[in-house]
Structure formats: C-alpha cells, structure tokens
Amino acid sequence: MANIPNKGRLSSMSTKRTISHGTILLLLGSALGWAQQAQIGGLVPASNLGNSTAIPKPTLSLQGSTLILSDSPEQIIDGMALPGAFYRDKVSGVFRVFYHHQNTLQNDVSVGIAITNTSQRAEALFSHGRGAGVNYYPAVAGQMALSGFLSSRHATSFVTLLLPGQSYYSTQDNVAGDTASGFEEYVLVSLADQAALRSLPLALLDSLGDKALTEASRNCSLPPFPAGYSAGTATVTTLVYAGTQPAAPTTLPILPADDHIRGTFSHFDRLGIFTISAASGLQALAVSTAAPGLPWSNDMPGEYELGVDAVDAGQQVYNNGNYGVLYRFIVQIENGVPLSNSPMGILMQPTGGAGEYAMSIDRHTMLSPYVDYTSAWWFGELTSHAKSAVVNIETSLTGGSAGPQQLLFAPKFNGQ
C-alpha cells in the first residue's frame, strides 16, 4: 500500500470475482454513451474542474488511543511457516487494529486478529466499530473494511467476556488470491471480581455510551467507571493460519517483514478545523500525503507521528499514508450570500494515486467507484439558505488504495 502513483490495475478477473457496483455502473454508462453530466456519487474529469487554490493547512490535533498497524509482510507467500503472526503488541483500554494482507498461496487461509487477556483479572470486551472485507481487488477489500467501520463506529456493543489467558478471534476466510482487510476498534474493561461475570451493571454500560466513550477517547482516556472497573489490558496478535484455529496466538512466531510497515502508534484519530469561503472559487486540501522526509510529502502540521515497531527491535516508524487513521474535519463554509441557488460541490481526487475510497459526510457514508488521478469523485453537495454552514467529513485512506486524497470544494458546481 505504497503512497505512490498507481500505474494501473488488473485488466481482467475470473468469473467468481466481484467489483463494486459503482464501477459496474460507470462502465455501463460509458458503453451506452449516457452520463454526459455527472451525478452525486459519480466521477468528473479532473480537467473539467480547472485550477484550484490551496486551503491554508490546518493544524491537526492527535486524538484517540492506540493504533495497531499490520501491513507487513503484506503478501502471504510460499515458504512462510503457518500458522504465524504478522504483528503483536500490548494494548490497554480503547484501541484500534488495521490490517491488510494478500493471500498469494494456492490454498485458502484465515487472516485476522486475536485479542488475548494477558492480565490476572476477568475482562469485558466491547466493540466500538468494526469493518472487514475480502476481495480479489485489494482496494475493494479496503473499501469494504472502512465502510463497515464508518457505518458501525457510533454504537458500542458487548462482544465477550475473557478470563485470564482466554482469546477472542476476529478472522476472515481468505480465499487464494484474495486480500483481507480489517478496520476494528475495541474497548477492554477490567472486572472487579468473578461475580462481575454474571452481570454487567447498568452504570458500566452507561459509561460506555457512544458520546461518553467518544469524548473520552479523543483525550486518550476512558470515561469514569463505576467502582471496581478500570481499563483492561491484553495482547493483540494479527495472524494467519490454515485449517484449525491456533490455541495460543501469543506464542505464534513472527513472520519476516517486507518493505511495508507494521507498528504501534499512540493516536488513531486526527481532528482538523478550518474555514473556507464560497467566494474563493475551487479550493483544495491534500490529505494522507507521504510521511515526512519521503518524496511527495506535503503533510499538515500534526498529521504524522512516529510509532514503534514492537516486533522488529523497537525501531521507530512512520505510518506512510496514515492507514487506519480516521481524519475528522469540521469545515465551516462562509457563503457571503445564501447558497440556495449556488450549491457547493465536495469532491475527492486521488492525485497521483488510484483505488476505491469511502467518505462520511455528516455521518452519511459514501462509497466511490474505481477512481484514478485523472478524475474527481463527487461525493457531497451543500445547499444552504444561511450565510454560513458547517460540514463534517470523515475519511481514511483505504487499504489497497494510494493517496493523497485531495479534498475539493467547488462553489456553484453542477457536475460539469
């Protein structure tokens, strides 16, 4: 998942493979000669948009808690000792796991994560958003994972109780030739005693309500718990195996790394707040450009942080492209005059890249067709009778797709 220009994709596929509905519609529209004017959700030639003005870079605040990134080795190849672990590290409280691995073997395997209670107390495991996908096209698998996460991240649900030493598995069947991608967030709560196994008090469930948990998570903490409850600890292993599920995931040997990244990062969210004017014409903001020090880097202040590769001598690493990081933008649009007759189009162009992407605009998730740097995906529109409006955009660079994602704000846009 390099953050570099994508020169193309496979030109054919077997009959059992699937592609996104948006891609099918786009191909049909081209073949039938319709779609002279794009609709929301469709593509617009980048050449139609003209020149843009760069939005002054907002300073992003680091929010959320631990991110476990597993993208190395990205490919499962012949000669690997299975079962094996891609990555492993300790977590506490709230944490997110992002993984992306392609099965190049001739046989099917299972890929995913194991969460092992390595503490001395019973622990309750909750989900705070989970998405997963398997597909022949890596970018489609990544899009499925992100869209599933975006659609479920505003609800907290109980998953299981873990006694000391027990593991919970979240895995996918990875057919030969396919890529498995996951985007999952969890909360671990340490229980006071064995009696707590029989019932979880309403006060605890209330403390894990969406609003309380989200607000606390942004400050890298947990909401206040009832007496006797605290943040739990565990060991997360991203793993691959064929056949029977391994009984002791924490003892699986670590697979050799390739040139992709694996590591642990302290924050899984970025918050950016900025204002644009509808009178300033087409305006652009680059998101998920290359990490500092790499070619094509144009990062925003606070966008990247150094992490630690816990299984490779503790070396410091950057998450190039910030895969698994959720960007949350609060955009205030100053209209000057009401926009009732002059809608603001909101688009995304993968400058230098290509893939399938997902965006959440005011908590409504949109999925792109296949799009490359020659086009822009029109995913949102704002029409307001007020002189100012606020739009909330959430995005992340999907596994298998390349960045950067250039957000475009186009006043008086009509799809042409």
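The values are calculated or read from the model by the stated rules, or taken from the named source; none is laboratory data. Since we're looking at a predicted model, the values are computed, not measured. Don't worry about glycine lacking a Cβ; one is built from the backbone with ideal geometry, like all the others, and counts go over all protein chains shown.
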Hey, can you tell me all the residues within the range 90-102 that are buried (at least 20 other Cβ atoms within 10 Å of the Cβ) and among the basic types (Lys, Arg)?
-> ARG96
Set LEU205, LEU222: member being of a type outside the set (S, T, N, Q) and outside any loop (DSSP other than H, G, I, E, B) | LEU205
Answer yes or no as to whether TYR168 is of a type in the set (Phe, Trp, Tyr) and touching a Phe, Trp or Tyr at 6+ places or on another chain (Cβ under 7 Å).
-> no
Checked the range 53-70 for anything closer than 30 Å to THR235 by Cβ and in contact with a helix residue (DSSP H, G or I) (Cβ under 7 Å, 6 or more places away or on another chain); matches are GLN63, GLY64, SER65
Selection status of THR160, farther than 16 Å from THR398 by Cα and touching a Ser or Thr at 6+ places or on another chain (Cβ under 7 Å) | no
Just need a number here: residues in the range 53-89 that are in contact with a Cys (Cβ under 8 Å, 6 or more places away or on another chain) and surrounded by 20 or more Cβ atoms within 10 Å (Cβ to Cβ).
-> 2
Could you please let me know if LEU285 is out of contact with any Asp or Glu (no Cβ under 9 Å at 6 or more places or on another chain) and part of a strand (DSSP E or B)?
-> yes
Among the residues of the range 139-155, write down those that are crowded, with 20+ Cβ neighbours inside 10 Å and either among the β-branched types (Val, Ile, Thr) or outside any helix (DSSP H, G or I) (or both).
-> VAL140, ARG153
All conditions in (1) assigned by TED's automatic domain parsing to the domain that holds GLN172; (2) out of contact with any helix residue (DSSP H, G or I) (no Cβ under 6 Å at 6 or more places or on another chain); (3) of a type outside the set (A, V, I, L, M) are true of THR235 except (2)
Would you point out the residue of the range 355-372, among those that are at negative phi and among the charged types (D, E, K, R), that is nearest to the chain's Cα centre (by Cα)?
-> GLU356
So which residues in the range 260-273 are crowded, with 17+ Cβ neighbours inside 10 Å and closer than 14 Å to PRO56 by Cα?
-> GLY272
The residue from THR250, THR264, THR238, THR244 that alone is part of a loop (DSSP other than H, G, I, E, B) and either under 24 Å from the mean Cα position of the chain (by Cα) or under 29 Å from ASN174 (Cα atoms) (or both) is THR244
Scanning the range 168-192 for residues that are outside any loop (DSSP other than H, G, I, E, B) and hydrophobic (A, V, I, L, M, F, W, C) gives ALA180, PHE183, VAL187, LEU188, VAL189
Within the range 103-130, residues part of a loop (DSSP other than H, G, I, E, B) and buried (at least 21 other Cβ atoms within 10 Å of the Cβ) come out as ASN117, ALA122
Please find, within the range 283-309, the residue that is farthest from the chain's Cα centre (by Cα) out of those that are crowded, with 16+ Cβ neighbours inside 10 Å, more than 22 Å from TYR87 (Cβ to Cβ) and among the polar types (S, T, N, Q).
-> GLN283
Counting residues that are surrounded by fewer than 16 Cβ atoms within 10 Å (Cβ to Cβ), which strands (runs of 3 or more DSSP E) fully inside the range 312-389 reach at least 1?
-> 326-334, 364-367
